[in-house]
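Report on the following structure.
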Amino acid sequence: MSDIKAPQHSFCILPFMHLSTRTDGAMQLCCHTNSSGKMGDSMPGCNRDDEGNIVYLKSKKAKDYWNTEFYKEIRRAMLAGEKPRACTVCYKEEESGYRSKREWETADWETRLGTGNVNSMIETVNKDGSMPYNIKYIDMKLGNKCDLACVMCNPADSSLWIPDYNKIEKDPNVSEKLKTTIVWKREEGAAYNWWKNNEMYWESIFNELPNLSEIYLIGGEPTINPEFKTFLRKCVETGDCKHIKLRFNTNGHSIKDKELQELYVQFEQVLMHLSMDGMEDFHNYIRYPSRWRKMDYILWKHNELATEPNIMVDIDTTVSMLNVEHIPDFIKWKVSKHGMWNINPINFRGLIGLHLLHHPSFLSVQVLPKDVKERITQKYQDLKVWLLENKSEKASKYPKLDAVVNFMNASDKSDQLPMAIEYLEKMDSIRNTDFRKSLEMDL
């Protein structure tokens, strides 16, 4: 039981010490909150000024908008034991036994900062929810530039997705319901190059470097963005890299960049989240246009890179209706690769990270028909038996295995299955792929 002096069922540490941005430069509570969005309100976690306008960091300083009524209300609610709607996804995940971002971030930072320091930080919060700007953790998304167009992604997170999105939008045979569901809106003030030549933003970030403990960089694909490397160089030049944990998501395709590797080893710690959603045809289909043969090579090169004492590499998987039945086979494959000891050595019981997909909702695991869910449930039970026999008791009790199944069975959204099929068939026609064959689906 934590000793943090805040209601543990509602409190999340992030709105009290964390700066997060979207790929379009919007300031947000964290990277998870907008997954709580609904039709007509797709950005519930984005900060608003007191006139209700979204705060975009292309033209505004985060420090000046740290105590908006939006942020103050979130803090007041959490400290009063209430659950803000913007954070619904975390609370819903927890109901399924899934350890949410709220839970693991708060526990991690309590360990790193110390309970006393966390309580001292809470004590700086005024009755109205305002507090000093003293961030320790930045989650920065440097635009949507990416070299992949994963089938569950969108133009906001991948520039390579834009041509396919335009084809869907212009196709008169695509239902209006599907078009409305996947709509990509560029709000006024949004800009996917918001950080470029933005001296005001970079100066504010560089001023915070001495106080930061962690930087989390995402994209797009951050490692192909020149500013990613420039920023790491700056951290090395100032010496602040020595007290900063660098964390980032990557598809791994930049593994041959030697300068990046030389920069990584300068940081206190580096955690690479290697995004993989399956093997062989599952990989080829989901993480289009990447090919499994190359990804297998990339994985082994990261296994070598993780021999550096300050570098950790985890496989992180987005769990959707596309791969939920395949994941037990993926885990068995990973466990059976006995030379791969450096991948996920500590986290996720030595298996893989599992992260539930919430958008687009028609690709959620909850959309699958009842008979398919029953088959998958049994497959996960069989996996736990296999792990007990081939790995360890600890791995067989990996709680996210049960959490995925519980979440899948918690709600019946099979009414969205026709939309999922329409979407996948349209993507197949655009990309010359076959989801039924590649994903072994009989829908």
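If the chain linking ALA80 and ARG112 were pulled fully straight, counting 0.36 nm for each residue of separation and taking away their Cα-Cα distance, it would gain 9.1 nm.
In debye, nearest 20: dipole of the chain around its Cα centre with unit charges on the Cβ of K, R (+) and D, E (-)? Show your work: numbers first, answer last.
Working: 60 positive and 64 negative charges, 61 e Å.
Dipole about the Cα centre, nearest 20: 300 debye.
A crude spin-label estimate for the pair PHE206 and ASP329, with each label 7 Å from Cα along the Cβ direction, gives 5.2 nm. Projected onto its three principal axes, the C-alpha set of the chain covers 55, 51, 43 Å, listed from the longest axis down. When you count the other C-beta atoms within 10 angstrom of each residue and take the mean per peptide, 68-78, 105-115, 388-398 line up highest first as 68-78, 105-115, 388-398. The order of ASP415, ASP128, ASP49, going from fewest to most other C-beta atoms within 10 Å of their C-beta, is ASP415, ASP128, ASP49.
By the helix-only formula, in which each DSSP H run with n ≥ 4 contributes -39500 (n - 2.57) and the sum is divided by residues, the chain has a 222 nm mean residue ellipticity of -11500 deg cm²/dmol.
So, R0 is 25 Å and r is the distance between the beta-carbons of ILE430 and ASP49; what FRET efficiency does that work out to, to 0.05?
Numbers: r = 39 Å, r/R0 = 1.57.
Efficiency, from the Cβ-Cβ distance: 0.05.
Considering only alpha-carbon pairs that sit under 8 angstrom and 6 or more positions apart, the relative contact order computed for segment 14-125 is 23 percent. Compute the FRET efficiency between GLU304 and ASN197 as 1/(1 + (r/R0)^6), taking r as their Cβ-Cβ distance and R0 = 35 Å, and round to the nearest 0.05. Here the calculated transfer efficiency is 0.40.
If the segment from THR124 to SER392 were pulled out straight at 0.36 nm per residue, it would be longer than the present Cα-Cα gap by 92.0 nm.
Counting only DSSP beta bridges with both residues in the chain, the antiparallel share comes to about 15 percent.
Shape index of segment 270-360: Rg/Rh, with Rg the Cα radius of gyration and Rh the Kirkwood radius from the inverse mean 1/r over Cα pairs, equals 0.95. Each residue of segment 200-213 was assigned a 3J(HN,Hα) from its phi angle through the Karplus expression (A = 6.51, B = -1.76, C = 1.60, θ = phi - 60°), giving 4, 5, 5, 4, 5, 5, 4, 5, 8, 3, x, 9, 7, 10 Hz with x at Gly and Pro. For segment 405-439, backbone nitrogen atoms closer than 17 Å to the point 7 Å from GLU95 Cα along Cα-to-C-beta are found at 405-414. Over the chain, with a Gaussian network built from C-alpha contacts below 10 Å, which listed residue (GLY220, GLY353, GLY278) shows the highest mean-square fluctuation? Among GLY220, GLY353, GLY278, the largest GNM mean-square fluctuation belongs to GLY353.
As a proxy for reagent exposure, ranking ARG293, ARG22 by other Cβ atoms within 10 Å from fewest up yields ARG293, ARG22.
No lab work stands behind these numbers, since they all come straight from the coordinates. The model shown is predicted, which means the values in this text are computed figures rather than measured ones. Neighbour counts are summed over all protein chains in view; Cβ atoms, including those assigned to glycine, are modelled from backbone coordinates with ideal geometry.
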